[in-house]
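Here you go, one structure.
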Amino acid sequence: MLSDIEIANAATLRPIGAVAGETLGIDERHLVPYGHYKAKVDLNYLASLADRPLGRLVLVTAMSPTPPGEGKTTTTVGLTDALHGLGHRTVACLREPSMGPVFGMKGGAAGGGYSQVVPMTDINLHFTGDFAAIAAANNLLAALIDNHVHHGNALDIDVRSITWKRVLDMNDRALREVVVALGGHANGFPREDGFDIVVASELMAIFCLTESWSDLKRRIGDIVIGQSRAMKPVTARDLGADGAMAALLRDALAPNLVQTIEGAPAFVHGGPFANIAHGCSSVMATRSGLRLADIVITEAGFGADLGAEKFVDIKCRKSGLRPDVAVVVATVRALKYHGGVPLADLGTEDLGAVEAGMVNLRRHLHNIREVYGVPCVVAINRFPTDTDLEVAKVVDLVDEEGVRAFPATHFVDGGGGAQDLAKGVLQALDEPSPYTFSFTYSDELSLTEKVEAIATRLYGAGLVTWEARARRRLQRIERDGYGALPVCVAKTQYSFSTDPTALGAPSGHELHVREVRLSAGAGFVVLVCGDVMTMPGLPREPSAARIDLAEDGTILGLS
């Protein structure tokens, strides 16, 4: 079989104006084209659709991921193509890939095989410049902070309290902890600082949760960058930074429209990671899709304990959106891995390991139905090494949980390989739900109680412990009036615990909070747990070593 990039390069793409007009009814005058095959949709046009009824929303999530990957984006695209092929007006809403993992360990995030969004190379690299705009706006605020202190510090900022970091859309461990402003008085006030990756920044979260230019400016103004020496929060608005930062993000806020290999429309907009941020594409794109299509297929990052939880407890809480059905992506390989099979042996049939690994999927199904209150189906993303007996075993085990499972071969067969899954989703959408949508915790709980609810209800943890500095920071945040905000847990994606090697469904473990960050503009509090880093590093053999440029300008090696 051809590689992902070979398949993408061989695809026949339609002009984006034709895709917009024929699939979503968008006239070409409402598009801002970036070449022939990608465009932004004008925000004023999208605002004119406010009175349209919303379509139905399908959330694609997954069991806890394993190193080989489970194909959640691929399944999102395959399901979109299948519904599109069945005659339903359907649009996918995906996150934009970050160049950190593109050049690092994970590779691209445009799907795979014959279920991809295209142009794949553009989407995985600079795309329409959204991430560059976010980085520029973020780093403008950092520069304004240091400049304000240098020129007299009229706000009396306590330099030791500054929490706003610079960002870069690249994995670079050397930038996690740095010292800035060395070289004497002319270069500013020396202090310890650090970089985050763009997708972990508060500005990325704001970008994905805002719904208008005015809301964007308000949220940016609410960003707390540190404290005065009188222990009062200092905001971006206090620094006069909100207008210029919003101006840098004006064009980026419009959703990006592309297409799948089979010509279905897809919004690809915003890109927070789910292990270190809130893991959902933009509200702007999701709501636009719901006004333009009958069915929207959207993806939340990593497993249902991370992306789906943040989709529910942050994105839905803030936007009022509600998923009608969830699709949980599972693979035979992931079940065997969680059942104790080493990575090198996942291609060997092992029904016992499939059954043992079901403990992981079972907890995710419980959380989705009983905690979030969302009906669900399971998509079995089939790989060539999966045997018929193993796939049948998964179907039976999922059926015992009262959930329907549908094997799918969209990676190889495109939308045609996901038609049974699509029909199962349609059936679930049409059935009355036996569940009532709910959040994991209420707004009235304290921040400590909120994280305890996530830890015990979703992760199966026995207790939450705190670094002394994190506890003090949390108490300060509550005293400053931010205790009603939801929480965003940053932890490893590989386990319900903070130990990435604790597979299956660990219980009674400890969730240790080592750092607390206030994201007042985004409207949540970040709790950094375990060893998770908000500036990743590159692996020993980075994907960048395989990426090349041919003499004719063709990009090679992206996956």
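Would you kindly state the longest site-free stretch of the chain, with sites defined as GluC sites (Glu not before Pro) in a DSSP loop (not H, G, I, E, B) surrounded by at most 11 other Cβ atoms within 10 Å?
No qualifying site falls inside 178-443, the longest such stretch.
Figure the gain on full extension for residue 174 and residue 502 (residue separation times 0.36 nm, minus the Cα-Cα span) and round it to one decimal in nm.
Length difference between fully extended and current span is 115.3 nm.
How charged is the neighbourhood of residue 430? Take every other residue with its Cβ under 11 Å from the Cβ of residue 430, and add Lys/Arg as +1 and Asp/Glu as -1.
0
Just the accessible area per residue of region 170-314, please: how many Å² with a 1.4 Å probe?
Ligands and nucleic acids excluded, the figure is 30 Å² per residue.
If each DSSP helix of 4+ residues adds -39,500 (n - 2.57) and the sum is divided by the residues in the chain, what number results at 222 nm, nearest 500 deg cm²/dmol?
-9000 deg cm²/dmol, from helical runs alone.
Give me the angle, in degrees from 0 to 90, between the Cα long axis of helix 72-85 and the longest principal axis of the Cα atoms of the chain, rounded to the nearest 10.
60 degrees
Given a 1.4 angstrom probe, I'd like the percentage of the accessible area of the chain that is carbon and sulfur, rounded to a whole number.
51 percent
Relative contact order of region 40-181: what whole-number percent is it, with Cα pairs under 8 angstrom and at least 6 residues apart?
It comes to 20 percent, rounded to a whole number.
Sticking with this structure for a sec: For the chain, what is the Kirkwood estimate of the hydrodynamic radius, computed as the reciprocal of the mean inverse distance between distinct Cα atoms, to one decimal in Å?
Hydrodynamic radius (Kirkwood, Cα pairs) of the chain is 23.8 Å.
For residue 492, what accessible surface area do you get with a 1.4 Å probe? Give it in Å², rounded to 10.
20 Å²
Using the Cβ atoms and a cut-off under 11 Å, what net charge is assigned to the surroundings of residue 392, where Lys and Arg are +1 and Asp and Glu are -1?
Charge balance in the 11 Å sphere: -4.
Sticking with this one: So how exposed is residue 338, as accessible area in Å² (1.4 Å probe, rounded to 10)?
So the heavy atoms of residue 338 present about 10 Å² to solvent.
So, one more: How large is the accessible surface per residue of region 32-84, computed with a 1.4 Å probe and reported in Å² as a whole number?
Value returned for region 32-84: 35 Å² of accessible area per residue.
Kindly write out, for region 235-244 in residue order, the coupling ³J(HN,Hα) from the Karplus curve 6.51 cos²θ - 1.76 cosθ + 1.60 (θ = phi - 60°), rounded to whole Hz, with x marking Gly and Pro.
The phi angles translate into 10, 4, 5, 4, 7, x, 8, 5, x, 5 Hz.
What three numbers, in Å, describe the spread of the alpha carbons of region 97-251 along their principal axes, ordered from the longest?
58, 37, 24
Can I ask one more? Amide H of residue 378 versus every other amide H placed in the peptide plane: which residues, excluding those fewer than 5 positions away on the same chain, fall under 5 Å?
Counting only residues 5 or more places away or on other chains, the set is 328, 404, 405, 406.
Same structure, new question: Evaluate the relative contact order of the chain (contact order divided by residue number), counting alpha-carbon pairs under 8 angstrom at least 6 apart; express in whole percent.
With pairs under 8 Å counted, the relative contact order is 20 percent.
Sticking with this one: Taking only protein heavy atoms into account and a 1.4 Å probe, give the accessible area per residue of region 329-436 in Å².
Heavy-atom accessible area per residue stands at 41 Å².
Right, something else. So if each residue of separation counts as 0.36 nm, and I subtract the Cα-Cα distance between residue 150 and residue 510, what length gain in nm does that give?
125.2 nm
So, one more: Could you state how much accessible area residue 554 has, in square angstrom rounded to the nearest 10, with a 1.4 Å probe and all protein chains kept in place?
Rounded to the nearest 10, the figure is 50 Å².
How do 269, 512, 36, 366 rank by accessible surface area computed with a 1.4 Å probe, from largest to smallest?
The most accessible residue leads, giving 36, 366, 512, 269.
List the residues whose amide H sits under 5 Å from the amide H of residue 39, counting only those 5 or more places along or on another chain, with H placed 1.01 Å from N in the peptide plane.
Close amide H contacts, sequence-distant or interchain: 34, 257.
Here is a follow-up. Taking the Cα centre of the chain as origin and charging only Cβ (+1 Lys, Arg; -1 Asp, Glu), how large is the dipole, in debye to the nearest 20?
Roughly 1600 debye for the chain.
What distance in nm separates the two pseudo spin-label positions at residue 389 and residue 12, each 7 Å out from Cα along the beta-carbon direction?
Each label point is offset 7 Å from its Cα along the Cβ direction, giving 4.4 nm.
Cα to Cα, under 28 Å, and not fewer than 8 places away if on the same chain: which lysines meet these conditions relative to residue 423?
In chain and number order, the partners are 72, 310, 315, 336, 393.
In region 459-546, which trypsin sites (Lys or Arg not before Pro) fall in coil by DSSP and have 14 or fewer other Cβ atoms within 10 Å?
Answer by residue number: 540.
Then there's this: Please tell me the relative contact order of region 427-555 in percent, rounded to the nearest whole number, where contacts are Cα pairs under 8 Å and at least six residues apart.
Averaging sequence separation for qualifying contacts and normalising by length gives 23 percent for region 427-555.
On to the next question. In region 53-105, what trypsin sites (Lys or Arg not before Pro) fall in a loop by DSSP, with at most 14 other Cβ atoms inside 10 Å?
none
The values are calculated or read from the model by the stated rules, or taken from the named source; none is laboratory data. Predicted model only: the values in this text are computed from it and were never measured. Don't worry about glycine lacking a Cβ; one is built from the backbone with ideal geometry, like all the others, and counts go over all protein chains shown. Accessible surface is based on the protein model in full, side chains and every heavy atom, while ligands, DNA and RNA are left aside. Shrake-Rupley method; radii C 1.70, N 1.55, O 1.52, S 1.80 Å.
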